[in-house]
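Following: one structure in structure tokens, then a few remarks.
The values are calculated or read from the model by the stated rules, or taken from the named source; none is laboratory data. All values reported here derive from a predicted model rather than from experimental measurement. Ideal geometry is used to build each Cβ from the backbone, glycine not excepted, and the neighbour counts take in all protein chains shown. Calculation scope for accessible area: heavy atoms of the full protein, side chains included, ligands and nucleic acids excluded. Shrake-Rupley method; radii C 1.70, N 1.55, O 1.52, S 1.80 Å.
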Amino acid sequence: VRLLPPVGLDYTADYQPAGTAMAITDTNGAFTFPAVTPGSYVLRASFLAQGRPGTANPITVLLSAMQTVTVADTDISGLRETLGTGLHVSGRLEFKSATESPASDSQGWIVILDPIGRQLEGWPTLVNADGTFTTGGDPPGRYRVHTQGPSDQSVDWSWQTTSLGGKVLPGDVIDLASDLSGLVLTLSRQPTGVSGSV
């Protein structure tokens, strides 16, 4: 559980805010922050449930919750955070100028959403045979999107653009505030080069 600094800071910026307080829950889910300066805060909780590789349930699921908290000059008790599944991102891989069908090239590809400014690692979403994908659920925030293919295919394809609604997203970054659909990740066999002189 994290108690983020007072309102006014950009919690989705490309950094972890200084002074972020963190507490670990006990077996009953209870938590305590022993010393908090009066002010307005955002209380965020997350739980990563990960199955063991090789078992019947190797799936990773993130549960999260967020609420605002105003601290005055007295203790606060009895706060409840109900964790739930996150927001989903769906879209497709597009193979530009490909002679092969995208369905065959999509086998073994994964899509990863890396959270910006948070101490969490993104985890992979397997792309379907037809090139479509839907992530398992992530908390609100900003994410950098990237994809990776099997070792025998990744070397042949270069990342081109990440677009939504026909518009290219600068830095391949999405701002996830609700479920998002229609994300298009375009790859090409013709890498974009940069040349010049110093």
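Observations on the model:
Conditions tested, residue by residue: (1) in contact with a helix residue (DSSP H, G or I) (Cβ under 9 Å, 6 or more places away or on another chain); (2) at pLDDT 90 or above.
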site	(1), (2)
157	yes, no
160	no, no
163	no, yes
169	no, yes
177	no, no
185	yes, yes
191	no, no
194	no, no
197	no, yes
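- When residue 76 is tested against (1) at pLDDT 90 or above; (2) β-branched (Val, Ile, Thr); (3) outside any loop (DSSP other than H, G, I, E, B), exactly one condition is not met: (3).
- Identity of the residue in the stretch 133-157, open to solvent by 50 Å² or more (accessible area, probe 1.4 Å) and part of a strand (DSSP E or B), that ends up farthest from residue 85 (Cα to Cα): 148
- Test: residue 150 is at pLDDT below 85 and out of contact with any Leu (no Cβ under 8 Å at 6 or more places or on another chain): yes
- Scan of the stretch 158-189 for residues that are in a helix (DSSP H, G or I) and within 16 Å of residue 112 (Cβ to Cβ), ordered by number: 171, 172
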